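Visitor: Right, I'll just put the structure down here and ask away after.
The values are calculated or read from the model by the stated rules, or taken from the named source; none is laboratory data. Keep in mind that what you see is a predicted model, and the values were worked out from it rather than measured. FYI the Cβ positions are ideal-geometry reconstructions off the backbone, even for glycines, and counts take in every protein chain you see. For accessibility, only protein heavy atoms count, side chains too; no ligands or nucleic acids. Shrake-Rupley method; radii C 1.70, N 1.55, O 1.52, S 1.80 Å.
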Amino acid sequence: MEFVHAQGTQLYFDGKPLKLRGFGIGTWLNMEHFMLRLPTPDSMIRTAFEEVYGQAEANRFFHSLQDCFIGPDDFRFLRDLGVNFIRVPFNYRLLLSDETGELREEGFQALERLLDLCEEYQIFCMPDLHTAPGGQNPDWHSDNRTGWPQFWEFQVFQQQITTLWGHIARRLSRYRYLLGYDVLNEPAMAGWEPLNRFYRETVKEILQNDSNHLVVLEGDGFAMDFSGLDSFADPRVMLSFHYYPTVWHPDLLAPTLHRAERRRQMEEGLVKLAGIRERFGKPVICGEAGYDLDFDNMPFCMDLLEDTLDLFEAHDIPWALWTYKDACTMGIAYPRLDSPWMEFVSKLMPLWDHHSEMRQAEAFTAQLAEGFGGVSDWLAYQSQFRIRGVLYAMQREKLLLPLLRETPVEKLKALAESFLFANCGIHPEYEALIRRYTAGRKDGEA
């Protein structure tokens, strides 16, 4: 049986070059607050539900949400759309108990259920460890409640994850449409010595347990800095970068900026990132790229996506857009605006979103810095993540818990079912855009 493999910088499958075009699956096995429109990181959302409804009812809700979020109907849509790849973020707690350190069988079964669908619909899959103990970066998407990436301070955390990846690789090694293992999403503030040591040990552990699949490594600096990354001679190692030009350069969103100039600047940044392909002699993929979708200004959103995808295709870069499904934020699929879920979170939308959260943290950090006569930009940048940790606690008490307390337990089932494909809308202009690129597959590609 042949699996995806690399020759130099090119991926192959069934003797043909493989070009990956697809999506990150979304806020499924690792919840992100802005994607659900509920404040606080994954673990705080879960404990809030437990506090209000009790552990049994909370578990029942999260299992239902997991079952409803992705299923055969979604895969039929994805296959018809022409995409051939999904990246699947998961939280380490899905597979590993914080309380006992034991493996969680139901988490492995969730991954296997997904991979069975990938085999059936012939869509390649890359599991992505989005959350590590202590947080591998300071942000919400690593389920970091403190704003400090403690994963890099404690080797016991790193060893836990190295060992966990060995279990995952052994368990999943049989799947033909498994592309490989995305070891760690968006490391940041790691330092090259700890990051390279963790990667060396984890690559070794994975390949000892699975010689069939690739191991995917991301750079430091939220998957954008590869300057100190070790070279890995093994041909089963490939690299992934993330590309969010408007996050780091919000001036690109200025309405007065000419589209051609915006695209020129976007290409300049992309070419610099994608240069790791030649530097390391490895295949690369852009594991994340995307933009907030403004329902009132979809033509501009589609322009941004079109220019990005044009650049990926022009430079022969495989891609996964962020994201497939969420609560009307970045996803091509979303619970309908009149769904129970969107009615539920609409009560919080005037009070909170992740942009206002970031502005609050930045403003308070600036106020604190002023009291010290100013601080370095780097210290200010680090500190605003710590302030968000304080904001999470306040959001939980003043926003999330009151919302749950006024929501009867009988409504939880309908909330979860809002994410069923049958209950979701699809952005038609987004769908049409994706079909343009998936229909343009080159002759001879797998």
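Visitor: Under 7 Å between Cβ atoms, which residue pairs at least 6 apart in sequence (or on different chains) link something in segment 53-67 that is under 15 Å from Leu94 (Cα atoms) with a partner that is not in a helix (DSSP H, G or I)?
Guide: Taking only residues 6 or more apart or on different chains, the pairs are Leu65/Phe419; Gln66/Trp28.
Visitor: For residues that are over 30 Å from Phe421 (Cβ atoms), out of contact with any Pro (no Cβ under 9 Å at 6 or more places or on another chain) and part of a helix (DSSP H, G or I), tally how many sit in segment 330-383.
Guide: Total meeting the criteria: 21.
Visitor: Just to verify a result, which residue in segment 396-446, among those that are part of a loop (DSSP other than H, G, I, E, B) and among the acidic types (Asp, Glu), is modelled with the highest pLDDT?
Guide: Taking segment 396-446 as the starting set, the residues that turn out to be part of a loop (DSSP other than H, G, I, E, B) are 406-408, 418-420, 427, 439-446.
Checking the rest, the ones that are also among the acidic types (Asp, Glu) come to 406, 443, 445.
Working: Glu406: 98, Asp443: 49, Glu445: 74.
Across segment 396-446, the extreme among qualifying residues is Glu406.
Visitor: While we're on this one: State which residue pairs qualify: first residue more than 11 Å from His315 (Cα to Cα) and inside segment 265-285, second residue among the acidic types (Asp, Glu) in any location, beta carbons under 7 Å apart, and separation of 6 or more residues or different chains.
Guide: Hits for this filter: Met266/Asp307.
Visitor: Show the residue pairs that are 6+ apart or on different chains and have beta-carbon atoms under 7 Å apart, the first residue being within segment 427-439 and under 11 Å from Ile332 (Cα atoms), the second being of a type in the set (Asp, Glu) and open to solvent by 20 Å² or more (accessible area, probe 1.4 Å).
Guide: These pairs meet every condition: Leu433/Glu306.
Visitor: I'd like to know if segment 148-160 contains one or more residues that are among the β-branched types (Val, Ile, Thr), surrounded by fewer than 23 Cβ atoms within 10 Å (Cβ to Cβ) and more than 20 Å from the chain's Cα centre (by Cα).
Guide: The answer is yes; a qualifying residue exists.
Visitor: Residues being of a type in the set (Phe, Trp, Tyr) and over 23 Å from the mean Cα position of the chain (by Cα): count how many of those fall in segment 370-390.
Guide: Residues meeting the conditions: 2.
Visitor: Say we look at segment 85-114 and pick out the residues that are in contact with a helix residue (DSSP H, G or I) (Cβ under 8 Å, 6 or more places away or on another chain) and assigned to a loop (DSSP other than H, G, I, E, B); which of these is surrounded by the most Cβ atoms within 10 Å (Cβ to Cβ)?
Guide: If we take residues in segment 85-114 being in contact with a helix residue (DSSP H, G or I) (Cβ under 8 Å, 6 or more places away or on another chain) and assigned to a loop (DSSP other than H, G, I, E, B), then Leu95 is surrounded by the most Cβ atoms within 10 Å (Cβ to Cβ).
Visitor: Check segment 252-275 and report whether any residue there is part of a helix (DSSP H, G or I), closer than 26 Å to Phe34 by Cα, in contact with a helix residue (DSSP H, G or I) (Cβ under 7 Å, 6 or more places away or on another chain) and open to solvent by 40 Å² or more (accessible area, probe 1.4 Å).
Guide: Checked segment 252-275: at least one residue is part of a helix (DSSP H, G or I), closer than 26 Å to Phe34 by Cα, in contact with a helix residue (DSSP H, G or I) (Cβ under 7 Å, 6 or more places away or on another chain) and open to solvent by 40 Å² or more (accessible area, probe 1.4 Å).
Visitor: Do we find that Met35 is surrounded by 22 or more Cβ atoms within 10 Å (Cβ to Cβ) and either of a type in the set (Asp, Glu) or outside any helix (DSSP H, G or I) (or both) in this structure? Before the answer, list the steps.
Guide: Working: surrounded by 22 or more Cβ atoms within 10 Å (Cβ to Cβ): yes; either of a type in the set (Asp, Glu) or outside any helix (DSSP H, G or I) (or both): no.
No, not satisfied.
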